[in-house]
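Novice: Take this structure, written in structure tokens, and hold onto it; I'll ask about it next.
The values are calculated or read from the model by the stated rules, or taken from the named source; none is laboratory data. Note that the structure is a prediction, hence the values are computed from the model and not measured. A quick note on method: Cβ atoms are made from the backbone with ideal geometry, for glycine too, and the neighbour counts reach across all protein chains shown.
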Amino acid sequence: MKLTRPMYLESGFPTFSDTSSFGSIPFTVPKFDTPITPKENFWRAARRDKPLWVPNAHTDQQMLHINELGVHKPGKLQFGPDFRAMQKEDYVFIDPFGNSWTWVASAGGAMLTPGTKVVEDVCDWEKHVKWPNLDEWTVRETAEKFMAERYDPDKILHINIHQGLTELLVAMVGGYGEGMLAMAEEPEACLDYFNRLADFIISFFDYLKALYPVEFVTYHDDWGTERETFFGERMMEELVYEPTKRIIDHIKGAGCIFELHSCGKIERFLPYMCDLGVDFLQIQRRAVDIPKMKELYGDRIGFNAQLEGYDFGVAYSDAQITEIVQRSVELYGKNGGFYPAIFESDPERLWKLCSELYCYSREYYSRF
């Protein structure tokens, strides 16, 4: 099989236009006549069951960040960081648990506002943690509007529910140092909190599942820095593993693909991630040798990885783009379990990337 790559905005070739999930940058890319729907192919990739092409997050899914699921008072109360808006100025917002966050424009993300501490003593967490009442937010209205105006049944609907167990513990007690000390000094209290938080995350997912035909969920829980993990295997096994497993089992049991976002040098936790039943990992290439992880664990887990060797903002030639895409497909695409993160604002380069990804991966999988 050999597919023809369309030229940029080639006359008569169908196109797809939308805005990116980060920064709402408008884009137009080729729209190929696929033999099966992007949704069906995404499921095949997640199951590592003979996908026909490598899924493209730009064209094969609809993704909603946590903040797009229902903002009550924009600019003050937010579910989480507004990655789609990517505001240019710093500002402070409050999450549903009462934590104060500062959007840091220069970093393109949010950090806990200095001095924020909802819980002084983790042993007293039950006295201070207020569980969100989702009916007080605009979750239902937001879902109704999305389903009426934007939902595409041929694409997989992907909801990013943001912070997980350890991240919310860290937020509640005032920072990573405080959070890790709490886990070391008061493991029973932390485990109780994790189990109660797991109950809430499960109920939050069920709330969303009743409003959206969601089939793909990303859950965030950073477990390390770029030098090492925040905690070791014992804390993973005794505190983090079982509550996380309950969350994953519930979400997958409801018919969804599960993706774990976890920053840091977390290779030591890859076997646990496999045992937890994670479908896709979203991890840092500069901290983790993802090609090696694919080689070691690719028969058990998938990867949402950047195109290998592609740096944002570099003016790559067409030949270089072709080489990078093809190398990435060969490196990560074996037996499925791969979809790339493509970050490119130049419209011609993005067109070329999407075109080459679809065409070459179709050719690649047709060999097997």
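Novice: Please verify whether the range 191-207 includes one or more residues that are assigned to a strand (DSSP E or B), out of contact with any Ser or Thr (no Cβ under 9 Å at 6 or more places or on another chain) and not hydrophobic (A, V, I, L, M, F, W, C).
Specialist: Going through the range 191-207, the residues assigned to a strand (DSSP E or B) turn out to be none.
No, every residue in the range 191-207 fails to be assigned to a strand (DSSP E or B), out of contact with any Ser or Thr (no Cβ under 9 Å at 6 or more places or on another chain) and not hydrophobic (A, V, I, L, M, F, W, C).
Novice: Filter the range 106-142 for residues that are of a type in the set (Gly, Ala, Ser) and either farther than 30 Å from Ala210 by Cα or modelled with pLDDT of 95 or more (or both) and give the result.
Specialist: Ser106, Ala107, Gly108, Gly115
Novice: Could you grab me the full set of residues in the range 166-222 that are in contact with a strand residue (DSSP E or B) (Cβ under 7 Å, 6 or more places away or on another chain) and closer than 17 Å to Gly115 by Cα?
Specialist: Glu167, Ala171, Gly175 - these are the residues of the range 166-222 that are in contact with a strand residue (DSSP E or B) (Cβ under 7 Å, 6 or more places away or on another chain) and closer than 17 Å to Gly115 by Cα.
For every residue, the table says whether it meets (1) assigned to a helix (DSSP H, G or I); (2) more than 21 Å from Thr225 (Cα to Cα).
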{"residue": "Ala107", "(1), (2)": "no, no"}
{"residue": "Met111", "(1), (2)": "no, no"}
{"residue": "Glu120", "(1), (2)": "no, yes"}
{"residue": "Arg140", "(1), (2)": "yes, yes"}
{"residue": "Ala143", "(1), (2)": "yes, yes"}
{"residue": "Met147", "(1), (2)": "yes, yes"}
{"residue": "Asp154", "(1), (2)": "no, yes"}
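Novice: Still on this model: For Gly23, only one of the following conditions fails: (1) out of contact with any Asp or Glu (no Cβ under 9 Å at 6 or more places or on another chain); (2) under 11 Å from Tyr358 (Cβ atoms). What is its number?
Specialist: Against the list (1) out of contact with any Asp or Glu (no Cβ under 9 Å at 6 or more places or on another chain); (2) under 11 Å from Tyr358 (Cβ atoms), Gly23 comes up short only on (2).
Novice: Here's another thing I want to ask about it. Can you tell me which residue is farthest from Asn99 (Cα to Cα) among those in the range 164-211 that are among the small types (Gly, Ala, Ser) and surrounded by fewer than 17 Cβ atoms within 10 Å (Cβ to Cβ)? Let's see the steps before the verdict.
Specialist: To start, the set of residues in the range 164-211 that are among the small types (Gly, Ala, Ser) comprises 164, 171, 174-175, 177, 179, 182, 184, 189, 198, 203, 210.
With surrounded by fewer than 17 Cβ atoms within 10 Å (Cβ to Cβ) added as a condition, the list becomes 175, 177, 184, 203, 210.
Values: Gly175: 11, Gly177: 17, Ala184: 23, Ser203: 20, Ala210: 27 Å.
Restricting to residues being among the small types (Gly, Ala, Ser) and surrounded by fewer than 17 Cβ atoms within 10 Å (Cβ to Cβ), the top hit is Ala210.
Here's the yes/no breakdown for (1) touching a His at 6+ places or on another chain (Cβ under 9 Å); (2) acidic (Asp, Glu); (3) closer than 22 Å to Arg349 by Cβ:
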| residue | (1), (2), (3) |
| --- | --- |
| Arg5 | no, no, yes |
| Pro14 | no, no, yes |
| Ser24 | no, no, yes |
| Glu40 | no, yes, no |
| Pro55 | no, no, yes |
| His65 | yes, no, no |
| Leu69 | no, no, no |
| Pro81 | yes, no, no |
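Novice: Suppose we keep only residues that are closer than 21 Å to Leu3 by Cα and free of Cβ contacts under 8 Å to residues at least 24 places away in the same chain within the range 298-325. Which one would you say is surrounded by the most Cβ atoms within 10 Å (Cβ to Cβ)?
Specialist: Within the range 298-325, the first condition is being closer than 21 Å to Leu3 by Cα, and the residues that meet it are 307, 317-325.
Within this subset, residues satisfying the condition of being free of Cβ contacts under 8 Å to residues at least 24 places away in the same chain are 317, 319-320, 323-324.
Numbers: Ser317: 10, Ala319: 8, Gln320: 15, Glu323: 14, Ile324: 18.
Applying the filter and picking the extreme gives Ile324.
Novice: Now, a different point. If a residue must be within 21 Å of Gln306 (Cβ to Cβ), of a type outside the set (Asp, Glu) and surrounded by 18 or more Cβ atoms within 10 Å (Cβ to Cβ), how many such residues does the range 221-260 contain?
Specialist: At the first step, the residues of the range 221-260 found to be within 21 Å of Gln306 (Cβ to Cβ) are 221-227, 257-260.
Remaining after also requiring of a type outside the set (Asp, Glu): 223-225, 227, 257-258, 260.
Filter once more, keeping what is surrounded by 18 or more Cβ atoms within 10 Å (Cβ to Cβ): 223-224, 257-258, 260.
Result for the range 221-260: 5.
Novice: From the residues in the range 327-359 that are surrounded by 17 or more Cβ atoms within 10 Å (Cβ to Cβ), part of a helix (DSSP H, G or I) and without any contact (Cβ under 8 Å) to a residue 40 or more places away in the chain, which one is nearest to the chain's Cα centre (by Cα)?
Specialist: Top of the filtered list is Ser328.
Novice: So which of Ala46, Ala110 is out of contact with any Ser or Thr (no Cβ under 7 Å at 6 or more places or on another chain) and among the hydrophobic types (A, V, I, L, M, F, W, C)?
Specialist: On the way: Ala110 fails: out of contact with any Ser or Thr (no Cβ under 7 Å at 6 or more places or on another chain).
Unique residue meeting the criteria: Ala46.
A quick yes/no check of all residues on (1) over 25 Å from Gln61 (Cβ atoms); (2) at pLDDT below 95; (3) not in a loop (DSSP other than H, G, I, E, B):
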{"residue": "Phe231", "(1), (2), (3)": "yes, no, no"}
{"residue": "Thr244", "(1), (2), (3)": "no, no, yes"}
{"residue": "Leu260", "(1), (2), (3)": "no, no, yes"}
{"residue": "Arg268", "(1), (2), (3)": "yes, no, yes"}
{"residue": "Pro271", "(1), (2), (3)": "yes, no, yes"}
{"residue": "Glu295", "(1), (2), (3)": "yes, no, yes"}
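Novice: Please tell me if Lys127 is within 30 Å of Thr37 (Cβ to Cβ), surrounded by fewer than 19 Cβ atoms within 10 Å (Cβ to Cβ) and free of Cβ contacts under 8 Å to residues at least 60 places away in the same chain. Working first, answer last.
Specialist: Values: within 30 Å of Thr37 (Cβ to Cβ): no; surrounded by fewer than 19 Cβ atoms within 10 Å (Cβ to Cβ): yes; free of Cβ contacts under 8 Å to residues at least 60 places away in the same chain: yes.
For Lys127, the condition - within 30 Å of Thr37 (Cβ to Cβ), surrounded by fewer than 19 Cβ atoms within 10 Å (Cβ to Cβ) and free of Cβ contacts under 8 Å to residues at least 60 places away in the same chain - is not met.
Novice: Now a separate question. Is the range 105-122 home to any residue that is among the small types (Gly, Ala, Ser), on the phi > 0 side of the Ramachandran plot and out of contact with any Phe, Trp or Tyr (no Cβ under 6 Å at 6 or more places or on another chain)?
Specialist: Filtering the range 105-122 down to residues among the small types (Gly, Ala, Ser) leaves 105-110, 115.
Right, trim to on the phi > 0 side of the Ramachandran plot and you get 108, 115.
Okay, now just the ones that are also out of contact with any Phe, Trp or Tyr (no Cβ under 6 Å at 6 or more places or on another chain), so 108, 115.
The answer is yes, given that some residue of the range 105-122 is among the small types (Gly, Ala, Ser), on the phi > 0 side of the Ramachandran plot and out of contact with any Phe, Trp or Tyr (no Cβ under 6 Å at 6 or more places or on another chain).
Novice: For the range 17-65, give me each residue that is surrounded by fewer than 16 Cβ atoms within 10 Å (Cβ to Cβ), at pLDDT 95 or above and under 21 Å from the mean Cα position of the chain (by Cα).
Specialist: Answer for the range 17-65, where residues must be surrounded by fewer than 16 Cβ atoms within 10 Å (Cβ to Cβ), at pLDDT 95 or above and under 21 Å from the mean Cα position of the chain (by Cα): Glu40, Arg47.
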